[in-house]
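The values are calculated or read from the model by the stated rules, or taken from the named source; none is laboratory data. Source: prediction; values computed, not measured. All Cβ positions, even for glycine, are placed from backbone atoms using ideal geometry, and neighbour counts span all protein chains on display. For accessibility, only protein heavy atoms count, side chains too; no ligands or nucleic acids. Shrake-Rupley method; radii C 1.70, N 1.55, O 1.52, S 1.80 Å.
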Amino acid sequence: MENLFFAFFQEETLPVTAFTMLREYPAPMHSHNFFEILIPIAGYAENIYKGKSQTLSPGDIFLLRPADEHEIKFSSENTHIHRDIYISPDKMKKICSLLSPLIYDRISSASEPIHFNIDIDKLNLIKKQLNLFEQSGILDYESFHTCIVYEILAFYIESQLNHYTTLPKWLQDLLTLLNNPDIMVLTITEIVAFTNYSRGYVCDEFKKYMGKSLGAYLTENRMNYSTTLLTNTDIPISQITTRLGYDSQNSFIRNFQEQFGVTPAVWRKRNRTKPSDDKNLFS
């Protein structure tokens with residue numbers, strides 16, 4: 001089984017820097033055509049994304065997608081070290097498929113790069129593993145890299161589960177409902193009716209626990225669901241607009257562009273699933 005797992009991801013021999021690098025300097029605004037996992041090792045810095053500053057400190061994990069533009073800033077008086085891990089989109093899809101059929105789409109369609117925390121024991125484990133890339137004698141960097149990325153993504157899923165279980169039961173139930181396409185297209189008033197609380201209470205508590213308004217969460221969910229329809233079906237955009245509960249196609253297109261930076265038509269053209277993709281996944 002282990003050999004099959006490694007063979008699944010086997011690619012041509014690549015230099016160590018194609019998998020990971022240790023960084024000690026600021027980085028100007030830039031983007032990549034691959035995924036990048038950024039892991040602070042020591043000190044503090046700022047990650048700038050769309051004008052928003054996020055502190056980088058040991059225990060933080062940032063997962064940047066292809067085309068995510070960001071900048072790393074820190075003062076000359078502050079020592080900061082972080083690790084970058086690089087993953088091609090095809091390889092990321094394969095690793096995600098082993099964890100969950102939904103996780104790749106969730107990462108790719110999120111309104112901003114994934115950010116979560118791990119404890120000191122997990123951080124030390126990842127640091128120890130990544131340090132091995134600097135040593136000679138590893139015969140299969142590709143397989144070792146796969147295992148580390150898989151482990152980090154598993155930590156991400158664990159962090160999501162831990163957050164979910166700390167929520168009030170009524171909010172857990174509501175979030176489960178909002179994953180249903182038939183529910184997410186309803187109005188806020190109709191959705192609040194599924195709880196035993198007032199609209200004001202639900203909206204206030206939702207923002208307190210989720211860090212965003214119920215309306216923003218609904219829009220994000222609808223846009224994420226629309227990417228599934230755009231990628232995996234031939235349903236016309238006009239019908240997707242109606243299915244998502246929009247009266248105006250312009251409103252749908254505007255919300256989609258705000259979240260993903262492109263129109264639904266461009267997204268479909270770039271991400272349309274080919275009929276043979278699933279068949280060749282494990283070949």
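Descriptive notes on the structure:
Per-residue answers, yes or no, for (1) at pLDDT below 90; (2) farther than 25 Å from K212 by Cβ; (3) not hydrophobic (A, V, I, L, M, F, W, C):
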{"residue": "D84", "(1), (2), (3)": "no, yes, yes"}
{"residue": "S88", "(1), (2), (3)": "no, yes, yes"}
{"residue": "K94", "(1), (2), (3)": "no, yes, yes"}
{"residue": "S97", "(1), (2), (3)": "yes, yes, yes"}
{"residue": "S100", "(1), (2), (3)": "yes, no, yes"}
{"residue": "I107", "(1), (2), (3)": "yes, no, no"}
{"residue": "A110", "(1), (2), (3)": "yes, no, no"}
{"residue": "L123", "(1), (2), (3)": "no, yes, no"}
{"residue": "L132", "(1), (2), (3)": "yes, yes, no"}
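- Restricting segment 227-274 to residues that are open to solvent by less than 50 Å² (accessible area, probe 1.4 Å) and of a type in the set (G, A, S), the residue that is modelled with the highest pLDDT is S251.
- Restricting segment 138-163 to residues that are open to solvent by 70 Å² or more (accessible area, probe 1.4 Å) and not acidic (D, E), the residue that is nearest to Q257 (Cα to Cα): Q160
- Subset of segment 191-210 (residues that are free of Cβ contacts under 8 Å to residues at least 12 places away in the same chain, closer than 22 Å to P181 by Cα and not aliphatic (A, V, I, L, M)): R199, K207
- Of all residues in segment 165-187, those that are over 16 Å from Y225 (Cα atoms) have Cβ atoms under 7 Å from Cβ atoms of residues that are assigned to a helix (DSSP H, G or I) and among the acidic types (D, E), 6 or more apart or on another chain, in L171/E205.
- Taking every residue in segment 21-49 that is over 12 Å from H80 (Cβ atoms) and open to solvent by 40 Å² or more (accessible area, probe 1.4 Å) and pairing it with any residue that is hydrophobic (A, V, I, L, M, F, W, C) and assigned to a strand (DSSP E or B), at least 6 positions away or on another chain, the pairs with Cβ-Cβ distances below 9 Å are M21/I85; P28/I72; M29/I48; S31/L64; H32/L64; F34/I87.
- Given (1) within 25 Å of the chain's Cα centre (by Cα); (2) open to solvent by 40 Å² or more (accessible area, probe 1.4 Å); (3) modelled with pLDDT of 90 or more, index of the condition D277 fails: (3)
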